[in-house]
Every structure is written in C-alpha cells, then in structure tokens.
Number of protein chains: 2
Amino acid sequence: MQKMSSEISMSLDGFITDPKASVGSPLEGNDPGRLHDWRFDAKTETDIAIVAELYASTGAVLMGKRMFDVGFEPWGDPPPFGMPVFVVTHEAREPLPMQGGTTYTFVTDGIEDALERTRAAAGDKNVGIWGGADIMRQYLKAGLLDEMQIHLIPVLLGGGIRLFEDFDPEGIELRRASSIETPGATHLRFEVVK
Amino acid sequence: MQKMSSEISMSLDGFITDPKASVGSPLEGNDPGRLHDWRFDAKTETDIAIVAELYASTGAVLMGKRMFDVGFEPWGDPPPFGMPVFVVTHEAREPLPMQGGTTYTFVTDGIEDALERTRAAAGDKNVGIWGGADIMRQYLKAGLLDEMQIHLIPVLLGGGIRLFEDFDPEGIELRRASSIETPGATHLRFEVVK
C-alpha cells in the first residue's frame with residue numbers, strides 16, 4: 001500500500017540545520033555536515049542499506065519551496081533523486097526536467113493538491129517528504145502523514161531550524177515502528193496512528 | 001570509577017514536562033504521565049532492569065531546587081530515593097532526614113561545591129542528576145557531566161520545559177554509548193567526551 005513517509009535527520013537537541021541556518025537567508029540543507037555524516041563520511045553497511053531501502057520504496061518526492069531554493073544548486077544535475085519531485089510553492093512555474101529521471105514540478109494549489117499529484121506520480125511506491133521542517137509539520141498536522149523516519153544524531157547544535165517548533169500535536173499519536181542503531185545515528189521510524 | 005550521570009525522560013519534540021508546566025508556577029515532574037509510562041503502567045522487564053541498574057549504580061542524587069519543590073510532596077515519606085539527595089539552592093536550610101535512607105541536604109555554595117559534597121556521599125557509586133533540565137544543562141556546560149541517559153519517548157507534547165533550550169553546546173561532544181528499545185522508550189546513553 002502506498003504510504004506518505006517523511007524522512008529527516010535531527011540533532012539530539014531537536015535541530016535539522018546548523019545554527020547559521022536560522023540567521024538571514026534560509027540555509028536549510030547547508031549545515032556543516034554533522035547531521036549527515038551517517039549518510040556520507042561515516043556511513044556503515046547498515047546506513048547504506050537504510051538509504052537504499054528509502055530510495056527503493058519511494059516513487060516521488062514532495063518538498064517545500066525553501067528546501068528547493070537552497071538545495072537546487074548543490075544537488076546539481078543529475079540531482080540525487082532519480083524520480084519526480086514536487087515543490088509546494090506560491091509561484092507558478094514551468095516544470096523543470098533534469099537529467100537522470102528527476103523533474104521538478106511546481107504545485108501552487110496547496111498541500112492536498114500537491115499530495116494528490118505526487119501520489120499519482122509515485123505509482124505504487126511511497127510518497128517521500130524529505131524536508132524541510134515546515135512542510136513535514138503541515139502534512140503531519142493535516143493528518144496526511146503515515147510514517148515519520150527520524151535519524152537522531154548524537155550531536156548538540158544549540159540553534160538552527162527546529163523540527164518541532166510551535167507545533168500543536170493535539171490529536172496526533174505516534175507508535176514507534178522500528179529503531180536501528182549505527183555509530184552515526186539512531187534511525188527511528190514512527191507510525192502516525194490514524 | 002565514580003561517574004556523574006544524568007537521567008531524564010524527553011518527548012520526541014524535546015520536552016521533559018507537559019505543556020502546563022511552562023505556565024505559572026513550576027510543575028516539573030507533574031506531567032500527566034505520558035513521559036513516564038515506561039516506568040510505571042507500561043513497564044516491561046527491560047524497563048524494570050534499566051531502573052534497577054540506575055538505582056544500583058547511584059550512590060547519591062543531585063537536583064535543582066525547583067524539582068525539589070515540585071517533587072517533595074508527591075514523593076512522600078519514604079521518598080523513592082533511598083539514598084542521600086543534595087538540593088542546589090540559594091536558601092540555606094537544615095538537612096531534612098526522611099525515612100528509608102533519604103536525607104535532603106541543601107547546598108548553597110554553587111554547583112561545584114554541591115557536586116563535591118554529593119560525590120563524597122556517593123562513595124564509589126555514581127552521582128545521579130535525575131532532573132530538572134536547568135541543573136543538567138549547568139553541569140553539562142561546566143564540563144562536569146560524564147554521562148547522559150535520555151529516555152526518548154515516542155510522544156509529541158507541543159510545549160512544556162525543553163531539555164535543551166538556549167543551550168550553547170560549544171566544546172561539548174557526545175558519543176552514543178548504548179541504546180535499548182522498549183515499547184515505551186528508546187533508552188539512549190551518551191558519554192560526554194572530555
């Protein structure tokens with residue numbers, strides 16, 4: 001069954017970006033790397049398998065405009081998605097086909113419409129929300145998220161963008177579905193109880 | 001070797017008390033129980049073993065004044081410590097012996113002096129900081145904490161007292177020492193790298 005599944009790395013003190021990201025222009029995704037070492041420099045076989053499973057199970061990605069703006073240049077061409085990517089935004093814009101199977105499509109009719117379009121593109125695979133924090137909270141609050149993956153990183157950042165900031169969790173119940181330990185992260189998976 | 005070890009339950013969104021605790025008078029320890037189900041109603045053999053190991057390895061407890069004020073009445077007599085308890089406070093007060101091995105001693109000469117006195121009382125066992133958030137942060141920041149145990153609870157509270165709030169982690173490195181899963185908590189243990 002198709003699920004809508006979010007995925008993000010979070011420091012022990014609750015941040016998904018480094019402190020600089022909260023100052024001035026949005027810098028989501030531009031942290032100095034400590035949150036993402038488990039994916040790159042410090043990866044183990046288990047970490048590699050977790051990322052591989054994520055890509056294999058996801059048919060299309062949904063993201064916020066801020067994350068797109070920050071990520072677009074560093075992701076390059078081909079971007080590291082290899083599947084359709086839908087960007088929730090207020091500005092209409094033509095789809096942007098990239099190499100390697102990624103097309104960025106800009107959706108301006110709100111989160112529910114964006115989800116419908118991403119679902120259709122995902123086929124029988126999952127819809128992935130791979131950040132940022134704000135779009136994850138919106139879908140969680142709207143009761144549209146089925147599953148949250150949080151990679152909890154044993155680091156304190158002291159500032160940045162919090163995953164859960166001013167978030168009213170009323171009516172939202174989580175059930176921990178699995179937990180996998182690697183040196184760089186505690187990979188937690190939560191089911192959102194409907 | 002004697003260690004100084006903190007221990008606290010924290011929600012996935014980073015709170016150690018329920019939202020009501022941030023309003024009006026301090027209510028630390030007075031949450032509705034979802035953070036502490038793993039210790040009481042929902043406990044498993046593994047949870048019981050974790051608490052038993054904590055008590056067996058701890059020789060004396062150090063706490064902040066606010067936690068003492070809130071906890072004193074519900075803890076009752078005998079309190080659930082069974083060992084010396086040192087309370088960091090600004091008000092001098094006579095020691096308060098209780099039943100069952102707990103004596104509350106009030107220490108007014110700052111956190112370092114409080115630690116020295118608690119160390120002496122703990123003998124060759126550990127000094128335990130079992131809350132609240134503020135005193136834990138003070139000892140962590142001062143480089144005096146050897147180990148942090150955080151019971152991460154799969155619940156979102158949306159408000160309350162944050163464990164890491166306005167905390168500058170500069171110079172503090174953590175290494176995850178162990179992680180144990182139970183249905184009610186992910187029991188994480190971090191070594192503070194010196």
Identify, please: which residue in the stretch A:128-174 is facing another protein chain (nearest Cβ under 10 Å), part of a loop (DSSP other than H, G, I, E, B) and of a type in the set (D, E, K, R) and is, among those, farthest from B:Arg137 (Cα to Cα)? A:Glu170
Do you know which residues across the stretch A:108-127 are part of a loop (DSSP other than H, G, I, E, B) and either closer than 14 Å to A:Lys3 by Cα or of a type in the set (Phe, Trp, Tyr) (or both)? A:Gly123, A:Asp124, A:Lys125
Restricting attention to the stretch B:168-180, does a residue exist that is surrounded by 19 or more Cβ atoms within 10 Å (Cβ to Cβ), modelled with pLDDT under 95 and within 18 Å of A:Met148 (Cα to Cα)? no
Condition set in a strand (DSSP E or B), in contact with a Pro (Cβ under 9 Å, 6 or more places away or on another chain) and free of Cβ contacts under 8 Å to residues at least 24 places away in the same chain, scope the stretch A:95-105, selection most open to solvent (accessible area, probe 1.4 Å): answer is A:Thr103
Starting from residues that are aliphatic (A, V, I, L, M) and at pLDDT 95 or above, keep the ones in the stretch A:117-134 and report whichever is surrounded by the most Cβ atoms within 10 Å (Cβ to Cβ). A:Ile129
Examine the stretch A:53-72 for a residue that is assigned to a loop (DSSP other than H, G, I, E, B), touching a Gly at 6+ places or on another chain (Cβ under 9 Å), among the charged types (D, E, K, R) and in contact (Cβ under 8 Å) with a residue 40 or more places away in the chain, and state whether such a residue exists. no
When every residue in the stretch A:13-33 that is at pLDDT 85 or above and part of a loop (DSSP other than H, G, I, E, B) is compared, the one nearest to the chain's Cα centre (by Cα) is A:Ile16
Looking at (1) surrounded by fewer than 16 Cβ atoms within 10 Å (Cβ to Cβ); (2) touching a residue at least 40 places away in the same chain (Cβ under 8 Å); (3) more than 11 Å from chain B (Cβ to nearest Cβ), can you tell me which one A:Asp109 breaks? (2)
Looking at the stretch B:141-163, can you tell me whether even one residue there is open to solvent by 60 Å² or more (accessible area, probe 1.4 Å) and touching a helix residue (DSSP H, G or I) at 6+ places or on another chain (Cβ under 7 Å)? no
Just one of A:Ala177, A:Ala114, A:Ala120, A:Ala92 is facing another protein chain (nearest Cβ under 10 Å), free of Cβ contacts under 8 Å to residues at least 60 places away in the same chain and on the phi < 0 side of the Ramachandran plot; which is it? A:Ala177
Given the options B:Asp124, B:Asp109, name the one that is closer than 19 Å to B:Thr58 by Cβ, more than 19 Å from the chain's Cα centre (by Cα) and among the acidic types (Asp, Glu). B:Asp124
Per the filter on the stretch A:33-62, residues touching a helix residue (DSSP H, G or I) at 6+ places or on another chain (Cβ under 6 Å) and more than 24 Å from A:Thr105 (Cβ to Cβ) are A:Trp38, A:Asp47
Which one of these does B:Arg137 not meet: (1) open to solvent by 40 Å² or more (accessible area, probe 1.4 Å); (2) over 15 Å from the mean Cα position of the chain (by Cα); (3) more than 20 Å from B:Ala56 (Cα to Cα)? (2)
Go through (1) closer than 19 Å to B:Met136 by Cβ; (2) touching a Phe, Trp or Tyr at 6+ places or on another chain (Cβ under 6 Å); (3) assigned to a helix (DSSP H, G or I) for B:Asp47 and report which single condition fails. (1)
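The values are calculated or read from the model by the stated rules, or taken from the named source; none is laboratory data. It should be emphasised that the depicted structure is a prediction, and the values quoted were computed from it without experimental measurement. No Cβ is skipped: glycine too gets one built from the backbone with ideal geometry, and neighbour counts run over all protein chains shown. Only protein heavy atoms, including side chains, enter the accessible area calculation; ligands, DNA and RNA are left aside. Shrake-Rupley method; radii C 1.70, N 1.55, O 1.52, S 1.80 Å.
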